[in-house]
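The structure appears right after this line, and notes come after that.
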Amino acid sequence: MSDLLISAPPEAERVKGPGVLRQLMTKPTSAVAIVILTVLVCFALFAPWIAPFDPSQASAGPRLGAPEAAHIFGTDLHGRDVFSRVVWGARYSLPVGAATLLLGLFAGGALGLALGYIGGRFDAVGARVVDVLLGFPAIVMAILAVSVLGVGLVQVVIAVAIADIPKFARVIRGATIVAKQNLFVESASAMGASTARIIVLHVLPTILPTVILLGTLNLGGAILSTATLSFLGLGVQPPTPEWGTMLSDGREYIRYAPWMMIAPGLALFLAIISVNLIGDRVSEIIDPRSQGRL
Amino acid sequence: MTYFLRRILALVPILVLTWSAVFFVFEAIPGDPVNLMLAGVPASEEVIANERARLGLDKPLMERYISFLGRAAVGDLGESFRTRAPVTEMILAQIGPTLQLAAAGLVVGLAMGLLLGVLAGLRPGTSLDTVCTFAALAGSSLPSFWTGMVLIYVFGSILGWVPIVGLGIDALILPAIVTGLFIAGDFARLVRSSIIDASRQDYIRTARAKGLPPIKVVGKHALRNALIPPVTMLGISLSNLIGGAVVTENVFARPGLGTMLVEGVLNKDMPLVQALVVYTTAAYLIINLLVDILYGLIDPRIRHARMAPR
Amino acid sequence: MTASAVAPSTVSAAEPLLEVEGLTVRFGEREAVNGIDLSLVPGQTLAVVGESGSGKSVTALSIMGLIPSAGGTVAGGAMRFETAAGARTDLATLPEPRMRRIRGAEIAMIFQEPMTALNPVFTIGNQIAETILEHRGGSARAARAEALELLHKVRLPDAEAMLGRYPHQLSGGMRQRVVIAMALSCRPRLLIADEPTTALDVTVQAQIMSLLMEIQAETGAAIILITHDMGLVAETADDVVVLYEGRKVEEGPVEDIFARPQHVYTKMLLDAVPRLGQFADAALPSRRPVTILDGGTARQVGETKVQDTVKNGAPILEVRDLVARFDVAHDLIGRPTHRVHAVEGINLTLQPGETLALVGESGSGKSTVGKAIQQLVRPTEGDIDFEGRTYGGMTAPERRRLKRDVHSIFQDPLASLNPRRTVGDSIAEPIHIHGLLKGSAAIRDRVRDLMALVGLLPEHHDLHPHQFSGGQRQRLCIARALAAEARLIVADEAVSALDVSIQAQIVQLLMRLQAERSLSYLFISHDMAVVEEMAHRVAVMYLGQIVEIGPRQAVIGSPRHPYTQRLLAAVPLPDPAHRTVRSSDASEVPSAMRRVGDPPERLRLTEVAPGHFVADA
C-alpha cells in the first residue's frame, strides 16, 4: 500500500522573520519616521494637554507676533498661538487624511475587485473608463467633486476619496486579475467551488498584501490632497486649525509673519514624509523584490 | 500603421463617454442654474422663464444632452454666469500662461526625476541610491503650496533675486520649480524601479555573456528597456503636472486656467467650470495619444501587435 | 568526494582546452558548487548532467566569469583555459576587463530560455553585429554582412529579412538559432550550452541539437552541454560528468556511463529514465519497481504488474466532434479577422480504468481538449458525454457534480495549491465544496488517510505547500483528486516539470491508484517515452486535429502517419549505441491561427488495424 512512502521530511519550517515593527526600526530613516509620526499622533490624541493655549483664543499674544518664549512659533493675525494651532491641527489633518484613504481604498478596491473578477465586456468598458479618469488630474477631480458636494470637512473627505477611486481601482483590478490567473484559483473553479468561496478563500487573501501596500503608500498622498483643498479654500474652513487652512491664512503675510506658514507647513511635510518613509519600508518588507538588490 | 490608426479612432468614443459623464455630473449639481446665475438678485417669474428658454433649460434632458455634445465639439459652451463673456474666449485668453508654466514644470520635473532615478537605479543598495531615493521621496512629500510660499519668502522677500509676480521668464523660475517638484519624486521612483527591473532580465545576462563592457550593458540594453514604463506613465505625469499647475498658480497668484477653475468653483460659475473640464479632458486624451505613439516607437512589440487588446 | 569513478576520456590525446580544478562557488552562505574538476580538449563534447540544484548551471556561469554579476563568489579552485593566442590563463583570477575579451569571443554561451535571452527592443541583426563589433571591430556594414552569413549558417530561412526583425516576431526555435548565431559570431573555441533545448518542442529540439553538432564538426569547437535529459546526453556527448548536490559523483566516456554506471546516484538516474520502445512487445503497460535514494543507499520499491485495468462496455467519457475556436484579432469596428482553431473536430472515447494519452507539440490543442472536458473552456461546437450524460443538457447541480467526478492535475503543482493555506486544507477543499463529509474530525482523518495513500507523512497536513518538494506537491494534488472521489483525472503535463527520478515515482503512483480505484486518466503530454510507459491508448494531435489514434503498441510501435513518425524519430534515446542522424533544417509546425472564412480542412480517419485509426494524407 505505502510502497512509495517518502521518508524524507519536508523542508524545515521557514524561519519567521522578525515582526514588521522590529524590521521598521532596523533602518534609521524609517525609525526616525516612526518617532516623528508618534509625536504627531500624540499631538492629535493629547492636544488639550499639550497645547499651551486654546487654538481659537484670539489675543493670546500680540497680533502677528514673532516667535518668543511664550509663543515658540509666534502668533497669527488674531493673536492666536501658532504652536497650539499646529498641535490641534494634527487632530484634523491626520484623521481627515486617514478617513479619505480608507474611504477611497474601500470604494476603489470594491470596484477593482469587481472589474478584475468579473472580467469580460464589463471589465473592458470599466477598465477603459478607469484609465480615462486616472489621467484626469486628481486635484482637479477633487475640486470638481467639491463643486458638486459643496465646501466643508466631510465634503473634502468624500471629494478626495472619489478622486482617488480610479487609482485604487486600477491597482486592485490588476492584482485581482493576477490572483485569478493563479492555477489554484482555476483548480478551485474546476473543482466546483462557488464564486463567494473563491473570492473569500483564494482571491482576497492573495491580494491582501497589495491592499496593505496601497494603503501605506497612499496615506501621505491623502493627507497632502486634503490639505491642498483646504489651502485652496475648498476644504476645511477657517477658523478650524487645520494645517492647510492655516497655510492659506498665512499666505497673505509671507513678508511680515513668515512663521504663520513655516510651522504648519513643516508639520504637514513631516507628517507626509514620515508616512511615506514607513510606507516605503513596509513595501520592502512585504515585497522583498522591491529592495534594490540584484 | 493600424496601431496608430486604431489609437486615433479609439479617441472618439472615449471623448463622447467622458463628455457625457461631465454633462450628467453637472446636471446632478443641486440648484437651478438660473438661480445660481442671478446669485440672489430678485427677478420676476417672466425674467426667469426667459432666461431658462435662452439657456435651453426648458427642453427635455436628452435634447440638451445631444446639443451639449454638439456644442462641446465646436467649442461653444455658453457664457460665464459672472462675466457674461463666452467661456471659450475666457479660456483661450488664459491658456498661454498655464501652458508656459506646464512646459517649464515638465522640463524641470523630468530633468530632476531622470537624474535622481538613473543615479539611484544604476547602483541599487549603495549610499548614492539611498540619498537619491530619499531626495525623491522628500520631493513627493513636499506640499507644493508650502514649498511655493517658502521659496517666495527666501528668494523673493529675503534675497530679492527673482520677481514674485509678473509674467516674464524670470518670474517663471520659482513656479516652474514648484510645479516640477510635483512630478519629479514619483517619476524618479518609477525610473529607478524600472532600471532595476530591466537589469534583472535574461537579456542582460546575454549581453554580459557577449563580453560587452558594463557601460554598454547598462547604457544600451538596460536603459532602452527601462525607459518604456516611464514613457507609458508620462500621460499620468502630465496630468499630475496640470494638477500641480492649479496649485502653483494659486500660490504665486498667477493668472491661468488653474486660478480660473478655483475661482469658478468658489463662485459657482458652472458654465466656466464645465468648459474647463471638457477641454482639459480633450487635451489630456490628445496628450495620451501622443504618449501612446511615442511608446510604440520605443517598443517594437507594441508597434507590431496584431492582436487587439483583450 | 565519495565514490567518484574516474575513467579515461575518449579524446584525451590532445592538450586540454580547459581544466577546471576544485571549483567552489558560494551564494551567500550556501555552497552551490563544491570542488568540481573537469577537463576537455578541442572538439570534445562534455555533458554535465544532474537534476535541479545540482550545480550544473552555476558551473557554466563560473567558466563564463558571470558568477559575480549573478550575486555569488568563486570561493576556490582554478579554471585554466588555453586562449587562441596560445597562453594559458586562469579564468578564476582573471581581472574583469581581460575576462571580457574572452567572454563572447573565445568562450560563448547559449542559454535555456530563448524567449527572454534576446533583448526585445533591438533587431536581430543589431544584436548579432554587436558582438562582432565589440570583439573584432571593423565597420558596421561588414559586421552586418557577417551577421547575415551567420544566420545562413544556423539555417534560418529568409535570413536577409531576419536581420531587420525583432525577437518577438520569431518562434522559440528560431530565436534559439539566433542565440546560436550570436554565440558563433567570434568563432569561439568553447561553447557552453545550458539546457539549450529544454524550452523547445521535441522536433525543434532535434533540429537544434543536430545544428550544434554540425557546427562543432565544422569549427572544431569544444562544447559543454548542460542538461538533465539523459537522451540528449546519449545522443551527443563524448564524455559525461554527473553532478549531485554540488559535487561531482561520476565521470567517464558516455558508453561507460550508460553501460556500467558506478555511483548509486547515476544508477538511480539511469534506471528512472523512460526509454522509448522498451515496452514495444507488450500489449499493455506495466508497473515496475523504481529505485529511490534513501540516505545514500539505493532501494527498489514497487512491484512488476501488468496494468490490465481497462473495463470494456460503456465508456466513461465520449467526446464528439469537439471544436474550440478563439477570436484573436479584430478589425477597426471589432469584427474578428483571425481565429485560433485550437481544437477542430475531435472524437475520443475513454473506458473506465483506461489511460488515454493525448500527445502533441505546443499549439496542437491538446490542453484545450482537457480544459473543455473540465468545463474550463466552452466548446464552440460538438459535445461531451460523461457516463452517458451530455454536458450541454446538464442542469447547474449536475454540472457541479461533474466537477467532482472529473478532476485535474496540472503541470505546476506549486501553483495549483494556494500558498496561504495548509496542505490539509487544500486536500480537504473538494470535501468542503461538495459536502462529502460532516465534522472536522472526520475530514481530518480522511485527509490523513489520503496523504498516507499517496506516500506522504500524515502528520505534515498542517504545513504549507512551499515546504514540500516538487514531487511531494504533485502527490498533494493527487491526494486532492482522490478526496473528490474523482473517477476521471485529466493530467495535463502532470510530470513534465519534475526531475526524472521523481517523475518515475509519480507515474508509478498514478498507475497503482488506477489499479486500486479503477481511475480513468486523460494523460496530456508531449513526452512520448512517459506516454509509452503508462498509456493504454495514444492519440496524436496536430494543429487541433487527431492524426492518429490507437492502442499504444500500434501507435508507438508501428506509426502510420508521417507526423507521428517524425515526432517519435525526434525523441532522443538514452542509449549511446543507437545514435540517429537528423536534419537540422528549420521546419516548424505552422500556426493554428487562421483568417476568418478560411477554416482548416477536416481530416478523415481510416481504420488501418483494429482500433488503430490514421488520418488520410
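The values are calculated or read from the model by the stated rules, or taken from the named source; none is laboratory data. Nothing here was measured: the structure is a model prediction, and the numbers come from that model. Note that we place each Cβ from the backbone using ideal geometry, even for glycine, and neighbour counts take in every protein chain shown. Protein only, heavy atoms only, side chains kept; ligands, DNA and RNA dropped before computing areas. Shrake-Rupley method; radii C 1.70, N 1.55, O 1.52, S 1.80 Å.
Within chain C, antiparallel bridges make up roughly 65 percent of the DSSP beta bridges whose residues both belong there.
C:Val581 contributes about 140 Å² of solvent-accessible surface, heavy atoms of the protein only, 1.4 Å probe. Once backbone amide H atoms are built at 1.01 Å from N, A:Leu77 has A:Leu64 as its partners under 5 Å, excluding neighbours fewer than 5 places away on the same chain.
Summing +1 for each Lys or Arg and -1 for each Asp or Glu, what net charge is found among the other residues whose Cβ lies under 14 Å from the Cβ of B:Arg84? Walk me through the numbers on the way to the answer.
On the way: positive: B:Arg54, B:Arg82; negative: B:Glu51, B:Glu79, B:Glu89, B:Asp269.
Around B:Arg84, the charge tally is -2.
Per residue, the protein assembly as shown exposes 41 Å² of accessible surface when a 1.4 Å probe is rolled over the protein heavy atoms with every protein chain present.
Once the cut-off is 44 Å, how many percent of the Cα-Cα pairs in chain C end up in the long-distance tail? Let's see the in-between values first.
Numbers: 47638 of 190036 pairs.
Tail of P(r) above 44 Å: 25 percent of Cα pairs.
To the nearest 10 degrees, how steep is helix C:140-153 against the longest Cα principal axis of chain C, on a 0 to 90 scale? Helix C:140-153 sits roughly 50 degrees off the main axis of chain C.
Based on Cα coordinates alone, diagonalise the gyration tensor for the protein assembly as shown, multiply each eigenvalue by 5, take square roots, and list the semi-axes in whole Å, largest first. Mind dumping the intermediate values first?
Numbers: eigenvalues 774, 272, 193 Å².
In descending order, the three semi-axes are 62, 37, 31 Å.
Computed from Cα atoms, the angle from the helix C:172-184 axis to the main principal axis of chain C rounds to 10 degrees.
Nearest-5 percent of antiparallel DSSP beta bridges in the protein assembly as shown?
Here the antiparallel bridges make up roughly 65 percent for the protein assembly as shown.
Stokes-Einstein diffusion of chain A at 25 °C, 0.890 mPa s viscosity, Kirkwood radius from Cα pairs, rounded to a whole number: 113 µm²/s. Neighbours of C:Arg88 by Cβ distance under 10 Å: Lys/Arg scored +1, Asp/Glu scored -1, total -3.
What ranking of C:Lys366, A:Lys167 comes out by heavy-atom accessible area, probe 1.4 Å, highest first?
Values: C:Lys366 20, A:Lys167 75 Å².
So, going from the largest accessible area down, we get A:Lys167, C:Lys366.
Highest mean first, how do A:248-258, B:276-286 rank when packing is the count of other Cβ atoms within 10 Å averaged over residues? All intermediate terms of the calculation are to be shown ahead of the outcome.
Numbers: A:248-258: 18.0, B:276-286: 20.4.
Final packing ranking: B:276-286, A:248-258.
Quick one, could you list the DSSP H helices from chain A stretching 27 Å or more along their long axis (Cα atoms) with average Kyte-Doolittle hydropathy of -1.0 or above? Please report the intermediate quantities before stating the final value.
Numbers: long enough: A:82-118 (52 Å, 1.32); A:153-181 (41 Å, 1.21); A:204-231 (39 Å, 1.48); A:259-286 (40 Å, 1.53).
Membrane-span-like by this rule: A:82-118, A:153-181, A:204-231, A:259-286.
Taking amide H positions as modeled 1.01 Å from N, with prolines and chain starts lacking one, the residues under 5 Å from C:Val538 and 5 or more places away or on another chain are C:Ala357, C:Gly550, C:Arg552.
For chain C, the relative contact order comes to 16 percent (Cα pairs under 8 Å, sequence separation of at least 6). Taking the Cα centre of the stretch A:40-293 as origin and assigning +1 to Lys and Arg Cβ atoms and -1 to Asp and Glu Cβ atoms, the resulting dipole is close to 520 debye.
I'd like the FRET efficiency for B:Asp58 and A:Val148, computed as 1/(1 + (r/R0)^6) with the beta carbon distance as r and R0 of 22 Å, rounded to 0.05.
Values: r = 23 Å, r/R0 = 1.06.
After rounding, the FRET efficiency stands at 0.40.
Computed log10 I(q)/I(0) for the stretch C:167-243 at 0.22 Å⁻¹: -1.09, from the Debye equation with unit scatterers placed on every C-alpha and solvent omitted.
Averaged across the residues of A:219-227, what count of C-beta atoms belonging to other chains lies within 10 Å of each residue's C-beta?
Details: counts 0, 3, 3, 0, 2, 7, 2, 0, 3.
Average neighbour count from other chains, rounded to a whole number: 2.
How charged is the neighbourhood of C:Thr564? Take every other residue with its Cβ under 15 Å from the Cβ of C:Thr564, and add Lys/Arg as +1 and Asp/Glu as -1.
Values: positive: C:Lys366, C:Arg537, C:Arg552, C:Arg560, C:Arg566; negative: C:Asp201, C:Glu361, C:Asp527, C:Glu532, C:Glu548, C:Asp616.
So the surrounding residues net to -1.
Distance from the alpha carbon centroid of the stretch B:41-90 to that of the stretch C:187-239 works out to 77 angstrom. Going by a ≥ b ≥ c, the root eigenvalues of the Cα gyration tensor, does the stretch C:221-265 fall in the rounded group (a/c under 1.5), the prolate group (a/b larger than b/c) or the oblate group? It is oblate, given that a/c is not under 1.5 and a/b is not larger than b/c.
Quick check on chain B: take the gyration tensor over C-alpha atoms, sort the square-rooted eigenvalues as a ≥ b ≥ c, and tell me if it's rounded (a/c under 1.5), prolate or oblate. Don't skip to the end; give the middle numbers.
Numbers: a/c = 3.31, a/b = 1.58, b/c = 2.09.
Oblate is the answer for chain B, as a/c is 1.5 or above yet b/c matches or exceeds a/b.
Taking the longest Cα principal axis of chain B as reference, the axis of helix B:45-55 is set at about 40 degrees.
Ranked from largest to smallest solvent-accessible area, with a 1.4 Å probe on the protein heavy atoms, A:Leu102, B:Leu294 come out as A:Leu102, B:Leu294.
Total lysine pairs in chain C at Cα distances under 20 Å, for residues eight or more apart or on different chains: 6. Karplus-derived 3J(HN,Hα) values for the stretch C:526-534, using 6.51 cos²θ - 1.76 cosθ + 1.60 with θ = phi - 60°, are 9, 9, 4, 5, 5, 4, 4, 5, 10 Hz; glycine and proline are entered as x. For the stretch C:394-539, what does the alpha-carbon gyration tensor say about shape, rounded, prolate or oblate, given a ≥ b ≥ c as the root eigenvalues, a/c under 1.5 as rounded, and a/b over b/c as prolate? Since a/c reaches 1.5 but b/c is at least a/b, the shape of the stretch C:394-539 is classed as oblate. Normalised by 2.2 N^0.38 Å, with N the number of residues, the alpha-carbon radius of gyration of the stretch C:61-173 equals 1.23.
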